[in-house]
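The values are calculated or read from the model by the stated rules, or taken from the named source; none is laboratory data. Treat the numbers as computed from the prediction; the structure is a model and nothing was measured. Note that each Cβ is placed from the backbone with ideal geometry, even for glycine, and that neighbours are counted across all protein chains shown. Keep in mind that these areas ignore ligands, DNA and RNA; they rest on the heavy atoms of the full protein, side chains included. Shrake-Rupley method; radii C 1.70, N 1.55, O 1.52, S 1.80 Å.
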Amino acid sequence: MKTRAALTPRFSAKRMVALRARVAERVAEHLDRLTASAPPVDLHAELSLPLPFEVLCDLLGVAEYDRFMAMLAGSGRLDESEEVAVGAQELFAYLGELVTTKRREPDEHLISALREAEIDDGTVCELISTISFSYLVTPTNLSAGIALFASHPEQRERVVRDPGLLETAVEEVLRLSKVDESFQPRYAGEDIEIGGIVIKAGDLVLCGHYSP
């Protein structure tokens, strides 16, 4: 409850409008650099990858975008190598320094909000890392959306003509870009019938996110 109370005011309608404008500026900056570059260009590396981390850093109050992104990527790999372990230690050491700085020099961003709520430094670091690691999937979603609209120009034109369709389009992109989750085993918690097929409690289920 303390965490929610601290963060909710930072996501007010007024702040989200300001954030939307800032995101639009960042997108324009990346697109300007891309259009000024000689082809071919890598949209994933030059747009999809850096953009969500920059937005994340804007929310948290982290100035060193590239350094923070590199540490997250290095410590977020799904293996138990010494390199990953060292990367995680470096990440938490960096976050600890950042939280200490925000305690001395508070600002309007999320890390300062958590500190102002008197949440201990260790918990703040854990919360920041949890929030930050979730952004590792966002670049894939962005690139998937670009690829889907590029391969289905008629759908892109529909959204351009009617921006009200954008919310549904985003949901569909998120569904179709969940490639990894299609291979994660899940088990039915109770008997359920879908399309005339009965799935028994305890049955193994693989989700086909590409199904219509």
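Assorted remarks:
- R0 of 41 Å, Cβ-Cβ distance residue 13-residue 204: FRET efficiency to nearest 0.05: 0.40
- Additional length obtainable on full extension of the chain from residue 107 to residue 152, 0.36 nm per residue less Cα span: 11.8 nm
- Cα-centre dipole for the chain with unit charges at Cβ (Lys and Arg positive, Asp and Glu negative), debye to 20: 680 debye
- Candidates 34, 165, 59, ranked by Gaussian network fluctuation over the chain, Cα under 10 Å, top entry: 165
- ³J(HN,Hα) computed for each position of segment 116-122 - Karplus, 6.51 cos²θ - 1.76 cosθ + 1.60, integer Hz, glycine/proline x: 5, 7, 6, 7, 5, 4, x
- For segment 62-73, 3J(HN,Hα) per residue [Karplus equation, 6.51 cos²θ - 1.76 cosθ + 1.60, θ = phi - 60°, Hz, x = Gly/Pro]: 9, 8, 8, 4, 4, 5, 5, 5, 5, 5, 5, 5
- Residues in segment 87-122 reached by a label modelled at residue 133 [backbone nitrogen below 11 Å; 7 Å Cα→Cβ]: 88
- Within the accessible area of the chain (1.4 Å probe), percent carbon and sulfur: 59 percent
- Per residue, the chain exposes 65 Å² of accessible surface when a 1.4 Å probe is rolled over the protein heavy atoms with every protein chain present.
- Amide H contacts of residue 199 (H built 1.01 Å from N, in plane; Pro and chain starts excluded): 192, 193, 194 sit under 5 Å, all sequence-distant by 5 or more or on other chains.
- With a 1.4 Å probe rolled over the protein heavy atoms of all chains, the accessible area of 92, 68, 133 falls in the order 92, 133, 68, largest first.
- ³J(HN,Hα), Karplus 6.51/-1.76/1.60, whole Hz, each residue of segment 7-24, x for Gly, Pro: 8, 3, x, 6, 10, 5, 4, 4, 5, 5, 5, 5, 5, 4, 5, 5, 4, 4
- Net length gained if the chain between residue 165 and residue 31 were fully extended (0.36 nm per residue, minus Cα distance): 45.9 nm
- Largest to smallest in accessible area, the residues 95, 43 fall in the order 43, 95 (1.4 Å probe, all protein chains included).
- Accessible area per residue was computed with a 1.4 Å probe on protein heavy atoms; residue 64 scores about 80 Å².
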